[in-house]
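Student: Just dropping this structure here.
The values are calculated or read from the model by the stated rules, or taken from the named source; none is laboratory data. Note that the structure is predicted; figures quoted are calculated from it, not measured. Neighbour counts are summed over all protein chains in view; Cβ atoms, including those assigned to glycine, are modelled from backbone coordinates with ideal geometry. Surface areas here come from the heavy atoms of the whole protein model, side chains and all, with no ligands, DNA or RNA. Shrake-Rupley method; radii C 1.70, N 1.55, O 1.52, S 1.80 Å.
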Amino acid sequence: MSAHDDEKKSSVEAVTRDANDQLETTPVFEAAHKEGKIVNPLAHLTKAELFNQVEAFATAKGLESDVDLLKRGALVAQNPANFENMDELSRDEKDALAYEVAHKWSHPFLLYLTIFTCSIGAATQGWDQTGSNGANLSFPDEFGIPIDSDAPNHEHNEWIVGLVNAAPYISSALVGAWLSDPLNNYLGRRGTIFVTALVLIATPIASGFTHSWETLFVVRLILGLGMGAKGATVPVFAAENSPAPIRGALVLGWQLWTAAGIFLGLCANVIVADTGRIAWRLQLGSAFIPALPLALGIYFCPESPRWLIKKGRYESAFRSLLKLRHNPVQAARDLYYIHTLFVEESKVIRGETYVKRFLELFTIPRVRRATVASGTVMLAQQMCGINIIAFYSSTLFAQSGFTDRQALYASLGFGAINWVFCVPALYTIDTYGRRALLLFTFPNMCWSLLIAGMGTLLPDGSTARLAVVATFIYVFAAFYSPGEGPVPFTYSAEVFPLAQREQGMAWAVSTCLFWAAVLSITLPRMLAVFTPAGVFGFYAGLNLMAFGMIYLLVPETKCLTLEELDNVFSVSHGDFINHVVTKDTPYWTKRWLLWQRDTPKPEPLLQFDSPTVGAALAPEKNSRRNEEVV
């Protein structure tokens, strides 16, 4: 590098430091933050101070040609609800901002293409689950590890079958999810998704050509590497591109298409069921199908603006935002607002190295609370018992008295219900919130599993037994799909600050998939020892435990920008639990159990102290939020 280049680089770095130094937190902001209030760090600046900051920012980031646009965007970010009274904005810009509030689903085609592409990525996960679901009926016999109760060494073989099924989840949890941090660092969100899509094309095909359980196990371990890195990247990519008022619904596409993958995989199982000895090979191999459009579609999606900001590539981030927003002033508003909160966040959260970013998940209080909350919702997804159905529904139905053919069709019904009942969450997740959906669905999943388990005690082969077991497994799926189905990945993708987002999501995904692996390994033996009735009862009890964990450890995140969530997780666990136990619980007990309709609502734990972008874009939802306990 020449001396001139060194001098130029030093000059740019100095200007950047000056621009960031101008964003010092005001005493008002510090006080509000400590009190757990949701604040806008630009709200207390004068217009002159704001414009000075924007000019320094534009110079530091190479955006001098857009400085006037950035000033107008910063004005909107400072007081987003008052844009109609800003003389600096043109009539077209005011109309665009008003239209954005009134028509929350109106966004450019590229935004929806990005979300659709991310959603396809989830289908690969669901399809693989159901490929192994159907293959479990035949591949153990093909490889000489039969699990029928009268087969020799069947107990040993049950552990092997569980291990083969769990292989992708083992490697995802231990390695794959944690690869997302370096992959994202060097390749970006789009590059990581493309590479993992190639892995998810190759490994299902390879699994169809294996000739021993050992080889199948190794291939599925490699599959897990791609699955883990993809699972930790795709929801984050979707969340970072989505506007706050509908972020939950858009990121929910992950679960909607996971459910779609489960259903389509079950369809494939039924279609190839009569192909003889190669049926299980086709069932496992067909999981490559959704990975093809994922690899092709990601090329056309813009890179995450927040990732580009994190890498200091502000010009690229602005171009990306221009593709994802209708009007340039919206892109300028979001760019400057994200930058401002990122600078505030960086004063506490550095994350310079891989190890430091990992340690900060547990050492920085704000990040630790997000780590606990995301780990709780992910662990609860395994505790609820959904994956004993997704992995082993055909086996469960067969052991409950169904023929193999009936078991496949009964599993297909489960897949259809799991998919269809995700749709209501597109509305409810941003209206009622993530926490409310979880607290509603867990008690209902508990009783439906209990009744399904009791149904297995009816006379073997009786119509009543078949009807009760199938019906209440379907009821269980109907409650799971709009609640614990979509929330965990949506929630985990949004709760971490930008510096820890890859590591945080890796933690969440590894928590989910590690316990999925434990479940997959142990279920064949549990069925043999506990019987289906005992297994259903065991997971019904875990649903109640999960309800209690969520009630005490998971705060609400709806309708705030990703950066504004720092305020939510600034509230300590002690304060949150104290509020829930001493304010929330008495209110709901009196209001809904004792039916005292005139019981006054308690004061909310978090309130808006100044106008924020998230509040302005969803005024009706956030006015309701201020009346609720977070």
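Student: Of Thr196, Thr233, which residue is buried (at least 24 other Cβ atoms within 10 Å of the Cβ), more than 16 Å from the chain's Cα centre (by Cα), closer than 30 Å to Leu321 by Cα and not basic (Lys, Arg)?
Tutor: On inspection, the qualifying residue turns out to be Thr196.
Student: Sticking with this one: State whether the residues of the range 450-459 include one that is part of a loop (DSSP other than H, G, I, E, B), modelled with pLDDT under 90 and open to solvent by less than 10 Å² (accessible area, probe 1.4 Å).
Tutor: For the range 450-459, residues part of a loop (DSSP other than H, G, I, E, B), modelled with pLDDT under 90 and open to solvent by less than 10 Å² (accessible area, probe 1.4 Å): absent.
Student: What about Asp181, is it in contact (Cβ under 8 Å) with a residue 24 or more places away in the chain, assigned by the TED database to the domain that holds Trp515, acidic (Asp, Glu) and closer than 23 Å to Gly485 by Cβ?
Tutor: Here the answer is no, as Asp181 does not meet what is asked.
Student: Give me the pairs: first residue in the range 207-225 and open to solvent by 10 Å² or more (accessible area, probe 1.4 Å), second residue outside any helix (DSSP H, G or I) and of a type in the set (S, T, N, Q), beta-carbon distance under 9 Å, and six or more apart or on different chains, which are they?
Tutor: Pairs found: Phe217/Thr210; Val218/Thr210; Val219/Thr210.
Student: Suppose we filter Ala477, Ala464, Ala499, Ala470 for residues that are assigned to a helix (DSSP H, G or I), surrounded by 24 or more Cβ atoms within 10 Å (Cβ to Cβ) and in the same structural domain as Phe237 (by the TED database); which single one remains?
Tutor: Answer to the check: Ala477.
Student: Further, regarding this structure: Kindly evaluate Asp430 against the criterion of being among the acidic types (Asp, Glu) and open to solvent by less than 20 Å² (accessible area, probe 1.4 Å).
Tutor: Spelling it out, Asp430 is indeed among the acidic types (Asp, Glu) and open to solvent by less than 20 Å² (accessible area, probe 1.4 Å).
Student: Quick check: is even one residue across the range 488-496 aliphatic (A, V, I, L, M), touching a residue at least 40 places away in the same chain (Cβ under 8 Å) and crowded, with 24+ Cβ neighbours inside 10 Å?
Tutor: For the range 488-496, residues aliphatic (A, V, I, L, M), touching a residue at least 40 places away in the same chain (Cβ under 8 Å) and crowded, with 24+ Cβ neighbours inside 10 Å: present.
Student: Determine which single condition Cys301 fails, assuming it passes every other condition in (1) of a type outside the set (A, V, I, L, M); (2) at pLDDT 85 or above; (3) under 26 Å from Ser492 (Cα atoms); (4) open to solvent by 10 Å² or more (accessible area, probe 1.4 Å).
Tutor: (4)
Student: Looking at the range 136-147 only, could you name the residues that are modelled with pLDDT of 75 or more and either closer than 30 Å to Asn241 by Cα or not aliphatic (A, V, I, L, M) (or both)?
Tutor: Ser138, Phe139, Pro140, Asp141, Glu142, Phe143, Gly144, Pro146 - these are the residues of the range 136-147 that are modelled with pLDDT of 75 or more and either closer than 30 Å to Asn241 by Cα or not aliphatic (A, V, I, L, M) (or both).
Student: What helices (runs of 4 or more DSSP H), lying completely within the range 50-137, carry at least 1 residues that are out of contact with any helix residue (DSSP H, G or I) (no Cβ under 6 Å at 6 or more places or on another chain), free of Cβ contacts under 8 Å to residues at least 12 places away in the same chain and within 30 Å of Val199 (Cα to Cα)?
Tutor: Passing ranges, in order: 109-135.
Student: Scan Leu97, Leu113 and give me the residue that is surrounded by 13 or more Cβ atoms within 10 Å (Cβ to Cβ), of a type outside the set (Asp, Glu) and either modelled with pLDDT of 95 or more or farther than 14 Å from His326 by Cβ (or both).
Tutor: Leu113 is the lone residue from the list that is surrounded by 13 or more Cβ atoms within 10 Å (Cβ to Cβ), of a type outside the set (Asp, Glu) and either modelled with pLDDT of 95 or more or farther than 14 Å from His326 by Cβ (or both).
Student: For Leu45, which of the numbered conditions (1) touching a residue at least 60 places away in the same chain (Cβ under 8 Å); (2) outside the structural domain of Ala295 (by the TED database); (3) assigned to a loop (DSSP other than H, G, I, E, B) fails to hold?
Tutor: For Leu45, the failing item is (1).
Student: Another question, then. Checking the conditions here, which among Leu335, Leu296 is surrounded by 24 or more Cβ atoms within 10 Å (Cβ to Cβ) and either within 30 Å of Asp92 (Cβ to Cβ) or assigned by the TED database to the domain that holds Glu484 (or both)?
Tutor: So the residue among Leu335, Leu296 that is surrounded by 24 or more Cβ atoms within 10 Å (Cβ to Cβ) and either within 30 Å of Asp92 (Cβ to Cβ) or assigned by the TED database to the domain that holds Glu484 (or both) is Leu335.
Student: Collect the residues in the range 148-168 that are surrounded by 23 or more Cβ atoms within 10 Å (Cβ to Cβ) and at pLDDT below 75, keeping them in residue-number order.
Tutor: Hits for the range 148-168: nothing passes.
Student: Which numbered condition trips up Tyr587, out of (1) assigned by the TED database to the domain that holds Pro488; (2) open to solvent by less than 50 Å² (accessible area, probe 1.4 Å)?
Tutor: Condition (1) is where Tyr587 drops out.
Student: Which of the residues belonging to the range 568-613 are assigned to a helix (DSSP H, G or I), modelled with pLDDT under 85 and closer than 29 Å to Leu75 by Cβ?
Tutor: The one that is assigned to a helix (DSSP H, G or I), modelled with pLDDT under 85 and closer than 29 Å to Leu75 by Cβ: Val613.
Student: Shifting gears a bit: Only one of Thr561, Thr511 is part of a loop (DSSP other than H, G, I, E, B) and surrounded by 19 or more Cβ atoms within 10 Å (Cβ to Cβ). Can you tell me which?
Tutor: Thr561
Student: For the structure I just gave you, tell me whether Asn133 is at pLDDT below 90 and in the same structural domain as Pro305 (by the TED database).
Tutor: Answer is yes for this residue.
Student: If you scan the range 169-181, which residues turn out to be open to solvent by less than 10 Å² (accessible area, probe 1.4 Å) and either among the aromatic types (Phe, Trp, Tyr) or at pLDDT below 90 (or both)?
Tutor: Matches in the range 169-181: Tyr169 only.
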